[in-house]
1. Return the total of residues in the range 28-49 being open to solvent by 30 Å² or more (accessible area, probe 1.4 Å), modelled with pLDDT under 70 and not in a strand (DSSP E or B).
2. In the range 78-92, which residues are surrounded by fewer than 18 Cβ atoms within 10 Å (Cβ to Cβ), at pLDDT 95 or above, within 18 Å of TYR104 (Cα to Cα) and touching a strand residue (DSSP E or B) at 6+ places or on another chain (Cβ under 7 Å)?
3. Looking only at residues in the range 129-139 that are over 11 Å from GLY13 (Cβ atoms), open to solvent by 40 Å² or more (accessible area, probe 1.4 Å) and part of a loop (DSSP other than H, G, I, E, B), which one is modelled with the lowest pLDDT?
4. Has the range 106-118 got at least one residue that is within 24 Å of ASP41 (Cβ to Cβ) and either free of Cβ contacts under 8 Å to residues at least 12 places away in the same chain or open to solvent by 40 Å² or more (accessible area, probe 1.4 Å) (or both)?
Amino acid sequence: MISKTGGRYWSTGITVTWSSRAHTINGVPHSGWSALLDFYDAGFVSDRAEHGEASTQGTLRTRYYIRDSENVSGLTVAVDNLITDAERLGIDFRLWDGRSPLLYYKGDGEDPEFVPPPNWRETLRTEADRLGWCTYDTV
């Protein structure tokens with residue numbers, strides 16, 4: 001996808017959250033993962049009203065929290081689906097200093113509205129390793 005400013009859209013990585021009560025199945029709460037990425041066009045303080053040009057940005061996210069199955073992590077499903085959709089939409093993952101994209105936890109695990117699961121940093125490190133990305137303690 002080409003933006004009005006002549007470049008592709010880009011993102012620095014994916015932000016995930018976890019909910020201990022994401023779904024209720026037969027009255028039993030099940031946990032799950034959600035993922036989102038913010039993306040931007042190639043413009044940076046380059047709006048030119050006289051030419052009708054303005055920078056744009058957007059967000060791509062999973063619609064629901066995705067619970068683990070017997071064989072697959074909900075986190076892996078959420079992240080892989082965003083990566084696939086980002087590629088299809090022409091969104092590149094990149095950082096300016098040459099590092100790999102980042103896997104974040106919303107609020108860095110300190111937001112009381114998005115309390116992470118136990119051992120969340122290790123879980124994100126395992127996922128980032130699988131992707132060849134960076135996350136906490138690997139940056």
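1. 5
2. Residues satisfying the conditions do not exist here.
3. Looking at the filtered set, the residue picked out is THR138.
4. Taking every residue of the range 106-118 in turn, at least one turns out to be within 24 Å of ASP41 (Cβ to Cβ) and either free of Cβ contacts under 8 Å to residues at least 12 places away in the same chain or open to solvent by 40 Å² or more (accessible area, probe 1.4 Å) (or both).
Yes/no matrix, rows are residues, columns are (1) in contact with a His (Cβ under 6 Å, 6 or more places away or on another chain); (2) under 12 Å from THR15 (Cα atoms); (3) in a helix (DSSP H, G or I); (4) not acidic (Asp, Glu):
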site	(1), (2), (3), (4)
THR84	no, no, yes, yes
TRP96	no, no, no, yes
ASP108	no, yes, yes, no
ASP111	no, no, no, no
GLU122	no, no, yes, no
GLU127	no, no, yes, no
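The values are calculated or read from the model by the stated rules, or taken from the named source; none is laboratory data. Worth saying up front: this structure is predicted, and the values here are computed from it rather than measured. Ideal geometry is used to build each Cβ from the backbone, glycine not excepted, and the neighbour counts take in all protein chains shown. To get the accessible areas, we keep the full protein, side chains included, count just its heavy atoms, and leave off ligands, DNA and RNA. Shrake-Rupley method; radii C 1.70, N 1.55, O 1.52, S 1.80 Å.
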